[in-house]
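Enquirer: Starting off with a structure, shown below.
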Amino acid sequence: ETGKSLSSTPSSLYSGAAVVFDIDGVLIRGKNAIPQAVKALRILDGENKLNKKIPFVTLTNGGGVTEAEKAAAVSKIIDYPDGLDKDDLPVDPNDGSMSDFNKEKIHAVMVFHDPRDYGRDLQIIYDVLKSKDGVIGNGYENSGKQSVPLYFSNSDLIWSTDFVSPRFGQGAFRACLETLWDKTNGDGGNKLERILYGKPFKVQYEYTENCINSIFNDNGNGRNVYAIGDNPLSDIDGAHNYGWKSVLVRTGVYSDQTKHKYLNSNPTAIVDDVEQAVQWIVDQEV
Ligand code: G3P
Ligand code: MG
């Protein structure tokens, strides 16, 4: 969520830097706030040796709701008075109408959240991808051809919640679907074609950079952007590939014991939690 534009606020109050927070494993774990989250937000709100505010945005692979709903939900968990930006909650788009999906032509499959019922969702998506002309009731197109495009919003294999061990994410669901497709279409060599969004892909960082620039009302030239995250394969690789500094925290997916499995690109710093991350950032800006 972007903060309010600074155009109406004297820039002397604000550092020229910006912070990009990952959410799960950095600010919250499931329904619980990370204990240091409020202090970290207060530091960015001016309680620092710069005596300046440091604007921030959040960049999450968590989907399934609008940005406004996500911001409101995370603010409620963190319970921070000047919380994340909250817009009016949108009208519920589901008007309750049901279609006969045996006859309805489906033009694309877009996965916006981690499926709850893998078995059901794998079967339905497979039926659509294999269907003749995108109509499930037509039965399977037996050429091995994929009938409709497939989009995923998040490639996280695992992510951090309030459970003691990481949970499978949307990337795990995609791995299951790719395996089923290969085992049933592999002889024709037809690999599952899918378009991927979310961290660590460049499109997400371009969008986030535009959000940051809209806060400062400028083109961002020369700005230090620091990304704080818990997942090396999404948060750190994504920031590293985009040329941002990155701070990896130990409160989520990453732990010193598992680093050999997950660390592709080296973070600029590795710290225990989000408060240490923000303190480290302030020290870079002094
Ligand atoms: O489903 C959300 C999970 O994949 C990770 O979310 O906030 O750590 O990018 P986040
Ligand atoms: Mg995370």
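The values are calculated or read from the model by the stated rules, or taken from the named source; none is laboratory data. Values in this document were obtained by computation on a predicted structure and should not be read as measured data. FYI the Cβ positions are ideal-geometry reconstructions off the backbone, even for glycines, and counts take in every protein chain you see.
Enquirer: Can you tell me which residues in segment 181-210 are aliphatic (A, V, I, L, M) and at pLDDT 95 or above?
Expert: Ile195, Leu196, Val203
Enquirer: I'm trying to understand the selection: among the residues of segment 225-237, which are in contact (Cβ under 8 Å) with a residue 40 or more places away in the chain, within 12 Å of ligand 1 (Cβ to nearest atom) and buried (at least 24 other Cβ atoms within 10 Å of the Cβ)? Before the answer, list the steps.
Expert: Of the residues in segment 225-237, the ones in contact (Cβ under 8 Å) with a residue 40 or more places away in the chain are 225-231, 233-235.
If we keep only those that are within 12 Å of ligand 1 (Cβ to nearest atom) too, we end up with 227-231, 233-235.
Ala227, Ile228, Gly229, Asp230, Asn231, Ser234, Asp235 - these are the residues of segment 225-237 that are in contact (Cβ under 8 Å) with a residue 40 or more places away in the chain, within 12 Å of ligand 1 (Cβ to nearest atom) and buried (at least 24 other Cβ atoms within 10 Å of the Cβ).
Enquirer: Six or more apart or on different chains, Cβ under 9 Å: which pairs go from a residue in segment 107-118 that's within 15 Å of ligand 1 (Cβ to nearest atom) to one that's outside any loop (DSSP other than H, G, I, E, B) and polar (S, T, N, Q)? Could you list them?
Expert: Close Cβ pairs (under 9 Å, with a partner that is outside any loop (DSSP other than H, G, I, E, B) and polar (S, T, N, Q)) amount to Val111/Gln170; Phe112/Gln170; His113/Gln170; Asp114/Gln170; Pro115/Gln170.
Enquirer: Is at least one residue of segment 186-196 more than 22 Å from Val278 (Cα to Cα) and within 15 Å of ligand 1 (Cβ to nearest atom)? Write out each step before concluding.
Expert: Narrowing segment 186-196 to residues more than 22 Å from Val278 (Cα to Cα): 186-196.
Those left that are additionally within 15 Å of ligand 1 (Cβ to nearest atom): 196.
Scanning segment 186-196 turns up at least one residue that is more than 22 Å from Val278 (Cα to Cα) and within 15 Å of ligand 1 (Cβ to nearest atom).
Enquirer: Across segment 164-185, which residue is farthest from ligand 2 (Cβ to nearest atom) among those that are assigned to a loop (DSSP other than H, G, I, E, B) and either farther than 20 Å from Asp230 by Cα or not aliphatic (A, V, I, L, M) (or both)?
Expert: Looking at residues that are assigned to a loop (DSSP other than H, G, I, E, B) and either farther than 20 Å from Asp230 by Cα or not aliphatic (A, V, I, L, M) (or both), I get Ser165.
Enquirer: Of the residues that make up segment 158-166, is at least one hydrophobic (A, V, I, L, M, F, W, C) and within 12 Å of ligand 1 (Cβ to nearest atom)?
Expert: So far as segment 158-166 goes, yes, one or more of its residues are hydrophobic (A, V, I, L, M, F, W, C) and within 12 Å of ligand 1 (Cβ to nearest atom).
So that you can scan it fast, the table gives a plain yes or no per residue for (1) modelled with pLDDT of 95 or more; (2) surrounded by fewer than 17 Cβ atoms within 10 Å (Cβ to Cβ); (3) in contact with a strand residue (DSSP E or B) (Cβ under 7 Å, 6 or more places away or on another chain); (4) more than 17 Å from Leu44 (Cα to Cα):
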| position | (1), (2), (3), (4) |
| --- | --- |
| Tyr242 | yes, no, no, yes |
| Leu248 | yes, no, yes, yes |
| His260 | no, yes, no, yes |
| Glu275 | yes, no, no, no |
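Enquirer: Still on this structure, please answer the following. As an exercise: evaluate Ser131 against (1) among the hydroxyl-bearing types (Ser, Thr, Tyr); (2) touching an Asp or Glu at 6+ places or on another chain (Cβ under 9 Å); (3) without any contact (Cβ under 8 Å) to a residue 24 or more places away in the chain and give the number of the one condition it does not meet.
Expert: Single failed check for Ser131: (3).
Enquirer: Sticking with this structure for a sec: Could you grab me the full set of residues in segment 139-163 that are within 16 Å of ligand 2 (Cβ to nearest atom) and either in a loop (DSSP other than H, G, I, E, B) or surrounded by fewer than 16 Cβ atoms within 10 Å (Cβ to Cβ) (or both)?
Expert: Hits for segment 139-163 are Ser153, Asn154, Ser155, Asp156, Leu157, Ser160, Thr161, Asp162, Phe163.
Enquirer: I would also like to ask the following. Does Tyr126 satisfy the condition of being over 30 Å from Gly229 (Cα atoms) and free of Cβ contacts under 8 Å to residues at least 40 places away in the same chain?
Expert: Numbers: over 30 Å from Gly229 (Cα atoms): yes; free of Cβ contacts under 8 Å to residues at least 40 places away in the same chain: no.
Here the answer is no, as Tyr126 does not meet what is asked.
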